[in-house]
Amino acid sequence: MEATILTNRPPLPKPPTSQSNLRMKVDRTNLPVLPPPPPSILYDSIIDRLLQVSSSAQGSNNTTKPITTQNSKPKTKSLQITRTPLTSLPITSSPPYNYYQEQKRHRLKNSNTRSHDDNDDKLAFMPPSCKSMLNSIVDEPLSSLNTFFDTVKFELTQLDFASLLKGLDVLGNWEKALFLFEWLVLNNAENTTKLGNQAIEMMAWILGRESQHLIASRLFDVIPIKDYSLDVRAYTTILNAYSQSGKYESAVSLFEHINENGPSPTLVTYNVMLAVYGKMGRSWNKILGLLDVTKKRGFEFDDFTCSSVFTACGRDGLLEEAKNFFADLKSQGYVPGMCAYNSLLKLFAKSGIYSEALAVLKEMEESDCPPDLETYNQLVAAYVTAGFHEEGTALIGTMISKGVLPNVITYMNLICGYGKVGKVDKALSLFNLMKESGCVPHVHTFNTILVMLAKTSRYEKMMEILREMESYGCAPDRTTWNAMLCMFRDRGMRKHAHRIFQEMKNCGIDPDRDTFHTLMQAFGRTGLGSDAAKVHDGMMKSGYTPCVRTYNALLDALAHQGDWKAAESVILDMRKKGFKPNDKSYSLMLHCYATRRYLRGIDMIANEIYNGHIFPSWLLLKSLFRANFKCRSLMRTERAFQELQKNGYKLDLVVYNSMIAICSRNKMYVRAHEMLDLIQESGLQPNLITYNCLIDMYATAGECWKAEEMLKSIQKSREKPNIVSYNTVIKGFCRKGLMNDATRILSEMTIQGIRPCIITFNTIVAGYARKGCFTEVNDVISYMIKNNCRPCELTYKTVVDGYRKAEKYDEAIYFVSEIRKMDNSFDEPSLQRLASYIRATMNSRTEGGSIRHMVSRPKDGPGMDTSLYAYMPDPL
């Protein structure tokens, strides 16, 4: 099927050394090879690097080996970390405190006289026997404490445990106090009453001060706290530990016990329980009831009370309730402080309502309450959430001019915002600026950068950040592992996600709600609904009760499958159990409807938004816009676009580009140009997608020369045309029948190092077939096969359509019969479908007659595949 090419048109791309235009002879080695997708081994390298960073950081912070108790056997872990004997959790301290402790231990070990005169005043409350045991415990390293306790078991039982715990804490050895307390619990498992109220109260106070909430919650799950009569401070500390570790049911149960048996709760106790109810969700009525009880007990609400209420409202999207509560409180004479104002700002910042945030700022200034660092950080967050990234960045200058220095959180809000809109380079430049300004990045900073890089597949940069993380001595935390889990979830790599989950537990980091939610989404997105349900059951067994985010994780899994009926049942169950869907819930429902093009479902949520029943947040309106765009509904997309503008949100390029695309698809070229003007007026710069949308608009309208001009505009700008850019221009020329120009663009494309794809060649084949240039069609197909771009069934069907339109049915049959000779990779079922397609087309042009009566069978000859007629039976 090789044929010469006519000399009145330029040839398909050739090697640079050859200028002949007589025949396409291009060696495939001269075509640039597209980069392959990242191999699995690269993902494994990232996991291995993460493990190395974890090991390095733990090794620098913990010099002791894992301890082994009588009740537990040593386990082989991938990392060596120090664990408590009972709760089996790592204990952490701040670096300065560790340094002080190491210096103290060094002095104790090198003291020949073992003099403790300096501490006599501090330990005056202890009897001499306790002091002797205290000195012995201080001298023992953590790794051998359990063995030491076993050897002096009898002596310990004769001493006052509370005094020993207090003495260890006074000397700065709270970790050893924890080890001693847990040893006491393990050795008095049958009779925990020997511990005594004072010992438990002391341990609760120590763990609360050191923010060891997870250890405290597990420890006090083992001890029957309700059998003791503790003071209110100890109970409040334990309630806070349950709250911080997510064990809300345990907190509620203990609070009910306190109310029934005493002691009387304090304002701090009530504030902690407000936080508990807020974190549980669906608890607004309980919060109002608790506020009423607090007021009747004679307590006056403070800033922490307001902060707890605002935080609860933020979790459930109760913006109006928060505003009404604040207004009612002020009408009763309450004067808000900095903490209350900042909590209210955080509520508006979370929803991106920057106008309300600015109103709060104005009220603060009028109330002689000057904004502090937290205030500006929340303002930056409000701007970023609403899409005003540049305005948020400008606040840094305002802060410095008023003597408020930005901190890590200030920069992180901006870095997160730029990362979410794909401006990775801008985010990384802010990260470098943050380090230059003297702000030391912590683990949360690195987590944010890693998430951003993972979304944009910049794996080499991820490895670099992990190395930098190691140099700063930042140990990966639960959020780091969750970020890696999210990366594999988004790519549908459930095996790697499962490995991350296992390695995370091996490193001593227990999964939290976010971990379970991410794993549920990972399985759900890959169609493994049963595995997602198992993860949900595992979360419940771990003591985590469902919350709004749990339901959102289920909705996320269903949204990718488009199972909107199951998603609606999730929303119904959510409401039945007292949860209020938030903007994320509704956004996922819109995604679910859009996946199946179910416009009726989209309209139901849209009407709720437009009628004011659902707050029109930035996230929700943008999701509504994208859902309507995905369903190709011009009228609905335009309405959502106007709502975004009406609510004062700053539109990004994703919105503008989508508007250009849908306007050009509906031949509304004037409106598309208006979108381009709006991009420039808003201070944004068109990106490659913008240019590609404009190229497609011109090509679809038949203005292929303007499409090529737009392609040249890309080349002159900072952007670089991609394969979509060239393919769209080629499509425009092919539709106009200007094949010389189409092949010219193809040559330019390969010179620029972009390898043509199957879409490129199918477009050119369609252009030649439409003109009836079947010799050239054969040349293109031969060129494709030689250059390792195998034609697909659509390629050959396009050629058959060309013969059909030219009413050359004999040639069409002959062409199909020769396919297997020039392309032996073309499978038999596809060949049969092509033959059936020809028969059906020819049959539709007859009025009940046989195809063979209309089409004469070509004579058998060398190279003729006569078996083709076996696929074309007589319809009679």
_Based on this model, can you work out whether Y691 counts as outside any helix (DSSP H, G or I) and under 30 Å from the mean Cα position of the chain (by Cα)?_
no
*Considering T750, T743, which residue is open to solvent by less than 10 Å² (accessible area, probe 1.4 Å) and within 26 Å of I689 (Cα to Cα)?*
T743
*Could you grab the pairs with beta carbons closer than 6 Å, sequence gap of 6+ or different chains, first residue in segment 410-422 and touching a residue at least 12 places away in the same chain (Cβ under 8 Å), second one assigned to a loop (DSSP other than H, G, I, E, B)?*
V421/D652
*Within segment 694-722, can you find the residues that are outside any helix (DSSP H, G or I) and more than 18 Å from R665 (Cα to Cα)?*
S717, R718, E719, K720, P721, N722
*Select, from N666, N611, the only residue that is over 26 Å from L694 (Cβ atoms) and more than 28 Å from the chain's Cα centre (by Cα).*
N611
*asked:* Filter segment 427-463 down to the residues that are in a helix (DSSP H, G or I), of a type in the set (S, T, N, Q) and either within 18 Å of the chain's Cα centre (by Cα) or surrounded by 15 or more Cβ atoms within 10 Å (Cβ to Cβ) (or both) and list them by number.
replied: T445, N447, T448
_Which numbered condition in (1) out of contact with any Cys (no Cβ under 9 Å at 6 or more places or on another chain); (2) over 14 Å from Y726 (Cα atoms) is the only one that L688 fails?_
(2)
*asked:* Condition first: more than 39 Å from the chain's Cα centre (by Cα) and of a type in the set (F, W, Y). Now tell me which residues in segment 200-239 satisfy that.
replied: Y228
*Can you run down the residue pairs with Cβ atoms below 7 Å, 6 or more apart or on separate chains, where the first is in segment 162-178 and in contact (Cβ under 8 Å) with a residue 24 or more places away in the chain and the partner is among the β-branched types (V, I, T) and part of a helix (DSSP H, G or I)?*
L168/I137; D169/I206; L171/V138; N173/V138; W174/I206; K176/I137; A177/I206
*Can you find a residue in segment 464-475 that is of a type in the set (V, I, T), open to solvent by less than 50 Å² (accessible area, probe 1.4 Å) and at pLDDT 85 or above?*
no
*Tell me the helices (runs of 4 or more DSSP H) entirely within segment 790-846 that contain at least 1 residues that are without any contact (Cβ under 8 Å) to a residue 12 or more places away in the chain and among the polar types (S, T, N, Q).*
828-844
_Search result, residues across segment 486-497 that are open to solvent by 40 Å² or more (accessible area, probe 1.4 Å) and at pLDDT 70 or above_ = K495
*Can you name every residue in segment 220-249 that is in a helix (DSSP H, G or I), of a type in the set (A, V, I, L, M) and modelled with pLDDT of 85 or more?*
V232, A234, I238, L239, A241
*Can you tell me how many residues in segment 614-630 are farther than 19 Å from A661 by Cβ, open to solvent by 10 Å² or more (accessible area, probe 1.4 Å) and either among the aromatic types (F, W, Y) or within 21 Å of the chain's Cα centre (by Cα) (or both)?*
3
*Restricting to helices (runs of 4 or more DSSP H) lying wholly in segment 536-610: which have 3 or more residues that are β-branched (V, I, T)?*
599-610
*Do we have any residue at all in segment 109-130 that's open to solvent by less than 60 Å² (accessible area, probe 1.4 Å), modelled with pLDDT under 50 and under 48 Å from the mean Cα position of the chain (by Cα)?*
no
*Count of segment 717-740 residues which are under 35 Å from the mean Cα position of the chain (by Cα) and either open to solvent by 10 Å² or more (accessible area, probe 1.4 Å) or among the aromatic types (F, W, Y) (or both)*: 11
*asked:* Here are the criteria: (1) open to solvent by 20 Å² or more (accessible area, probe 1.4 Å); (2) out of contact with any Lys or Arg (no Cβ under 9 Å at 6 or more places or on another chain); (3) among the aromatic types (F, W, Y). Tell me which single one Y698 does not satisfy.
replied: (2)
*When segment 352-383 is examined, which residues are found to be polar (S, T, N, Q) and open to solvent by 50 Å² or more (accessible area, probe 1.4 Å)?*
S355, S367
*Would you tally the residues in segment 558-568 being open to solvent by less than 60 Å² (accessible area, probe 1.4 Å) and out of contact with any Leu (no Cβ under 9 Å at 6 or more places or on another chain)?*
2
*Would you say D779 is modelled with pLDDT of 85 or more, in a helix (DSSP H, G or I), closer than 29 Å to Y726 by Cα and out of contact with any helix residue (DSSP H, G or I) (no Cβ under 7 Å at 6 or more places or on another chain)?*
yes
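The values are calculated or read from the model by the stated rules, or taken from the named source; none is laboratory data. Everything quoted here is computed from the prediction, not taken from an experiment. Glycine gets a Cβ as well: all are built from the backbone with ideal geometry, and neighbour counts include every protein chain shown. Please note that ligands, DNA and RNA were not included when accessible areas were found on the heavy atoms of the full protein model with its side chains. Shrake-Rupley method; radii C 1.70, N 1.55, O 1.52, S 1.80 Å.
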